[in-house]
Amino acid sequence: MPNSLKLAHQVIKYMKSNPHGIFREFNAPQFAAIEAALTRRMTMIQGPPGSGKTTVASAIAFGFAHQCRSLSSNSKVLACAFSNVGADNLAESLVGLGLKVVRVGKPSAVLESLWKNTLDAAIDRDPDAQKALTIAAKATAQLSKLTRSSDGRKNAGASLRERSIRDAATVAVKKSIEVRQYKRCFCMQGLNSSLR
């Protein structure tokens, strides 16, 4: 990424100064890992439980979000974990850093404290997403009706027709979702002005 080294050093400086008190105190190896991840193509971080891997990963995601926002205000950062517990821990840490997080996964497997950050909750809050869901439900119901004969059996030529209708429904749903995309999965309030 252009200017990634410069941006990485801005983020490291910001984390060290910690003007808003959002970062915990990192030790030298943790800062080295954060800086390596923000400036190199690949960095592997390992350590025993309780060594701060999730906290370091959150700081790295914070840095990536800043770097990506220099390219586009609509940039997003994807943070993944091996398990639901790991994803929840990472999401909680990211929320604690002031990032806007959308936690994707089966809602029953998400911590209650993160329910407001789930994709389902985001859809519930967004009227355009609600409209897209309604369109999708109607299209699916119509598709089912159109591909069945009056006695409930599948029409002989239904396969091609079904595919065409399904494709049209998919296009309609995508269009309604595109009306208002989420501006970013992670947003940093005031970070750009604080880092300059």
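Condition check for residue 29 on (1) touching a residue at least 12 places away in the same chain (Cβ under 8 Å); (2) not in a loop (DSSP other than H, G, I, E, B): one failure, at (1).
One residue is enough: does segment 110-119 have a residue meeting the conditions in a loop (DSSP other than H, G, I, E, B), of a type in the set (Asp, Glu) and over 13 Å from the mean Cα position of the chain (by Cα)?
Of all residues in segment 110-119, those in a loop (DSSP other than H, G, I, E, B) come to 110-111.
Filter again for of a type in the set (Asp, Glu), leaving none.
The answer is no; no qualifying residue exists.
Return the total of residues in segment 67-95 being touching a residue at least 24 places away in the same chain (Cβ under 8 Å), open to solvent by 50 Å² or more (accessible area, probe 1.4 Å) and of a type outside the set (Ser, Thr, Tyr). Residues flagged as touching a residue at least 24 places away in the same chain (Cβ under 8 Å), open to solvent by 50 Å² or more (accessible area, probe 1.4 Å) and of a type outside the set (Ser, Thr, Tyr) within segment 67-95 amount to 6.
For segment 96-105, state whether one or more residues are in a helix (DSSP H, G or I), open to solvent by less than 70 Å² (accessible area, probe 1.4 Å) and under 30 Å from residue 25 (Cα atoms). Can you show your working first?
Initially, segment 96-105 is screened for residues in a helix (DSSP H, G or I), giving 96.
Next cut, open to solvent by less than 70 Å² (accessible area, probe 1.4 Å) only: 96.
Applying the additional criterion that residues be under 30 Å from residue 25 (Cα atoms) yields 96.
Scanning segment 96-105 turns up at least one residue that is in a helix (DSSP H, G or I), open to solvent by less than 70 Å² (accessible area, probe 1.4 Å) and under 30 Å from residue 25 (Cα atoms).
Taken over segment 55-66, residues that are of a type in the set (A, V, I, L, M, F, W, C) and free of Cβ contacts under 8 Å to residues at least 40 places away in the same chain amount to 4.
For residues that are within 16 Å of residue 71 (Cα to Cα) and open to solvent by less than 90 Å² (accessible area, probe 1.4 Å), tally how many sit in segment 1-27.
Our first condition is that a residue be within 16 Å of residue 71 (Cα to Cα); within segment 1-27, this holds for 1-8, 10-11.
Now narrow it down to the ones that are open to solvent by less than 90 Å² (accessible area, probe 1.4 Å): 2, 4, 7-8, 10-11.
Looking only at that region, the number is 6.
The values are calculated or read from the model by the stated rules, or taken from the named source; none is laboratory data. No experiment lies behind these values; they were computed from the predicted model shown. We place every Cβ from the backbone using ideal geometry, glycine too, and count neighbours over all the protein chains shown. Accessible surface is based on the protein model in full, side chains and every heavy atom, while ligands, DNA and RNA are left aside. Shrake-Rupley method; radii C 1.70, N 1.55, O 1.52, S 1.80 Å.
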